[in-house]
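Student: Here you go, one structure.
Taken together, the values in this text are just the output of simple stated rules run on the coordinates, not laboratory data. All values derive from a computational prediction rather than experimental measurement. Backbone-built Cβ (ideal geometry, glycine too); neighbour counts: all protein chains shown.
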2 protein chains.
Amino acid sequence: MRGFISVVSKKQFVLTVGSLAFDTIQTPSGRVEGVLGGSVNYFSIAASFFSPVKIVGVVGDDFPKSHLDWLSNRKIDTKGIQVIPGKTFHWSGCYDDNLNEAKTLSTCLNVFEHFDPTLLNSHKESPYLFLANIDPVLQQKVLGQVEKPKLVACDSMNFWITGKPDELQKTLKRVDVLSINEKEAYMLSGKKNVTQAADKIRKMGPSVLVIKRGEYGANLYTDAGVFFAPAYPVRNVVDPTGAGDSFAGAFMGFLAKEGISKEMQKRAPKKWESLLKQAVVTGCVMASFTVEDFSFHRLMRLKKPELIQRQKLLLKMISL
Amino acid sequence: MRGFISVVSKKQFVLTVGSLAFDTIQTPSGRVEGVLGGSVNYFSIAASFFSPVKIVGVVGDDFPKSHLDWLSNRKIDTKGIQVIPGKTFHWSGCYDDNLNEAKTLSTCLNVFEHFDPTLLNSHKESPYLFLANIDPVLQQKVLGQVEKPKLVACDSMNFWITGKPDELQKTLKRVDVLSINEKEAYMLSGKKNVTQAADKIRKMGPSVLVIKRGEYGANLYTDAGVFFAPAYPVRNVVDPTGAGDSFAGAFMGFLAKEGISKEMQKRAPKKWESLLKQAVVTGCVMASFTVEDFSFHRLMRLKKPELIQRQKLLLKMISL
């Protein structure tokens, strides 16, 4: 069993645009108030195990500088994080015994309400771009500023699927990879069968589709068909928040490290498929650590050998 | 990719004890009234692709002799099916868009109410035994009549888990394999995490546990750990009834064909593990055909090459 989580390359980087937040979360394991969260926080910490990351986002003046410093120490470029007067985005959610699904209790956008992502010059040549779950109009605005990316991925959610369907379709036409959860896939496609949903969504634009299925793992859909990656079986899920974003971070970080490019799809389809499958497994492994604690506490303690070991175990769980 | 669904051996046979029934079923695809069903019907048809099968069960005098003849033509031994005056067991159920879970609308036990499985002499040396979902007292009664089986598996359901927990525990102490669905695993274990549930259930007796997860596939738990088999992605699930029983049939039929024995667990643990994994994949493939039509109509049309092809495709879907 070879380990494909290996050396971090410094040649490639991933640009990500999305939210940094405070979260208040209730799960069967407990409750935390105002802990650090937000899609690009989870994404960038996960991706940084593999590749350099640059963040574009916005926080209020209540956001701890110590955390930005911590990110910088991990070689996560935070120059694109604007700090402006006001409060940081605050999300409150809870989970019942069905840990696969969050219920939003409140969303206070605060400074995030007028987020207008403007890329620095150092961002414009990003080879890899991940558009986290934000207004599809903003996703397109970012896309328009990045010159010739090698691979663009995005996420979305029910709020935009129902609220801005036309704009979301415009985004989807321009991305290579869409990563969404199962319920969102049904909502976006109007289908009730995952295979039918996948076919319909891939026709909307993204040639690669990842459907995240919580504790059941993730399905990867490409021209070559479907690949099923199981979730790593965590014995005690403390807080599922950020599982999807850290999945995406590890997925993109791994692909950036490997130097994937959308041209590979036609030029080297076997390699393209293989890298995507490995990236999905890597994402599942990362998510399994995220859910073991509140916020990204577990990721902050995570060491590379732990990732490698769990990845080997997960591969064994699908080997005949 | 090697195909492990191969030649049917005639040396081994599987004895199964359980229900033959008429089913009335409503799914999003339509409604059927009084079609043939019952756990051992699904089980034996599926198992017969691999091994000879003998059935112990009971039907009323309204049960079509033509179906018993059809089973016999498949070399399914029906001598143990008693035909007695009265009506055959009739189950009514429905499924909403969540096809993973049936809602029982009515259960008319009829002649099945006083089912008292008495084994024929030809049954008593059964090398392989599958106790379908019946009263655990009856499961033990059958177990007491079979001399030195090589492998014993059983199923159960919510009704017995809550209704006869002590008797079910006695059954579990005496079986090698338990095959139940995810919700039942939570109910039986009192746990809410699948890994914790599996650990607790295996301590109740069965060293091999299969947790069936509907469209998410099946988990195999053994001393060596867990193996995840995905469900084959069916585009149009017509009726999930019998998926679990036909899974079990293919699982046991395959193991019987391969001549598995519980002694192998210590003597040849790698072979033991490998056969069990292959059996789970075979079960998932069989179930994927079952759900493509009402009753076991699809299984009655199924040809071996279709099984082999779908098994190869499924293995590809978990290959890196």
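Student: Just add up the charged neighbours of B:Leu99: K/R +1, D/E -1, any other residue whose Cβ is under 9 Å from the Cβ of B:Leu99.
Tutor: Once all neighbours under 9 Å are counted, the net charge is -4.
Student: Shortest first and in nm with one decimal, please list how far the A:Thr107 label point sits from its counterparts in the other copies (point 7 Å along Cα→Cβ).
Tutor: Label-point separations across copies, in nm and ascending: 4.4.
Student: Right, next: Which trypsin sites (Lys or Arg not before Pro) in region A:170-273 sit in a loop by DSSP (not H, G, I, E or B) and have at most 11 other Cβ atoms within 10 Å of their own Cβ?
Tutor: Working: sites: A:Lys170, A:Lys173, A:Arg174, A:Lys183, A:Lys191, A:Lys192, A:Lys200, A:Arg202, A:Lys203, A:Lys212, A:Arg213, A:Arg235, A:Lys257, A:Lys262, A:Lys266, A:Arg267, A:Lys270, A:Lys271; in loops: A:Arg174, A:Lys191, A:Lys192, A:Arg213, A:Arg235, A:Lys262.
The qualifying sites are A:Arg235.
Student: Quick one: with label points 7 Å out along Cα→Cβ, list the inter-copy distances for A:Gln309 in nm, shortest first?
Tutor: 4.6
Student: Return the whole-Å distance between the Cα centroid of region A:264-320 and the Cα centroid of region A:151-226.
Tutor: Here the answer is 20 Å between Cα centres.
Student: Take the alpha-carbon positions of the protein assembly as shown, form their convex hull, and give its projected area averaged over all directions (one quarter of the hull surface) in nm².
Tutor: With every direction weighted equally, the projected area is 27.7 nm².
Student: Among B:Leu20, B:Leu71, B:Leu129, which one shows the highest mean-square fluctuation when chain B is modelled as a Gaussian network with alpha-carbon springs under 10 Å?
Tutor: B:Leu71
Student: Work out the length of the dipole vector of region B:277-320 about its Cα centre, built from +1 on the beta-carbon of each Lys and Arg and -1 on the beta-carbon of each Asp and Glu, and round it to the nearest 20 debye.
Tutor: 200 debye
Student: Quick one: with label points 7 Å out along Cα→Cβ, list the inter-copy distances for B:Gln169 in nm, shortest first?
Tutor: When each copy's label point is compared with this one, the spacings are 6.0 nm.
Student: Also, I was wondering about something else. Of the GluC sites (Glu not before Pro) in region B:47-144, which ones lie in a loop per DSSP and count no more than 13 other C-beta atoms within 10 Å?
Tutor: On the way: sites: B:Glu101, B:Glu113, B:Glu125; in loops: B:Glu101, B:Glu125.
Here the GluC sites (Glu not before Pro) that fit, given the DSSP loop and packing criteria, are B:Glu101, B:Glu125.
Student: Can you classify region B:114-266 as rounded, prolate or oblate using the Cα gyration tensor, where a ≥ b ≥ c are the square roots of its eigenvalues, rounded means a/c under 1.5, and otherwise it's prolate if a/b beats b/c and oblate if not?
Tutor: rounded
Student: Provide B:Asp69, A:Asp293, B:Asp239 in ascending order of the number of other Cβ atoms located within 10 Å of each residue's Cβ, fewest first.
Tutor: By the 10 Å Cβ count, ascending, the order reads B:Asp69, A:Asp293, B:Asp239.
Student: Looking only at region A:14-43, which residues have a backbone nitrogen under 20 Å from a spot 7 Å from the Cα of A:Thr104 in the C-beta direction?
Tutor: A:17-27, A:32-43, by backbone N distance to the label point.
Student: Next question, about the same structure. Starting with the fewest neighbours, write out A:Cys154, B:Cys94 ranked by other beta-carbon atoms found within 10 Å of each beta-carbon.
Tutor: Taking fewest neighbouring Cβ atoms as first place, the list is B:Cys94, A:Cys154.
Student: Also: Tell me, in nm to one decimal, what length is gained between A:Met204 and A:Glu306 on full extension, where the rule is 0.36 nm per residue of separation less the Cα-Cα distance?
Tutor: Between A:Met204 and A:Glu306, full extension yields an extra 33.0 nm.
Student: R0 = 25 Å: FRET efficiency of B:Asp62 with B:Glu125, Cβ-based, nearest 0.05?
Tutor: 0.15
Student: Over chain B, with a Gaussian network built from C-alpha contacts below 10 Å, which listed residue (B:Gly225, B:Gly144, B:Gly57) shows the highest mean-square fluctuation?
Tutor: B:Gly225
Student: Now for a separate question. Checking the a/c ratio against 1.5 first, then a/b against b/c, what shape does the Cα gyration tensor give for region B:61-121?
Tutor: prolate
Student: Each residue of region A:204-218 in turn: what ³J(HN,Hα) in whole Hz from Karplus with 6.51, -1.76, 1.60 and θ = phi - 60°, glycine and Pro shown as x?
Tutor: Per-residue couplings from phi come out as 6, x, x, 6, 10, 10, 10, 9, 8, 10, x, 5, 8, x, 9 Hz.
Student: Let me ask something additional. Nearest 5 is fine: what % of DSSP beta bridges in the protein assembly as shown come out antiparallel, could you say?
Tutor: 40 percent
Student: Fewest to most neighbouring Cβ within 10 Å: what's the order for A:Val226, A:Val111?
Tutor: A:Val226, A:Val111
Student: GNM on chain B, C-alpha springs below 10 Å: top fluctuator among B:Leu299, B:Leu105, B:Leu172?
Tutor: Among B:Leu299, B:Leu105, B:Leu172, the largest GNM mean-square fluctuation belongs to B:Leu105.
Student: For region B:14-316, what does the alpha-carbon gyration tensor say about shape, rounded, prolate or oblate, given a ≥ b ≥ c as the root eigenvalues, a/c under 1.5 as rounded, and a/b over b/c as prolate?
Tutor: The shape class here is rounded.
Student: Another question, then. Restricting to region B:14-316, compute how many DSSP beta bridges are antiparallel as a %, nearest 5.
Tutor: Bridges in region B:14-316 are about 40 percent antiparallel.
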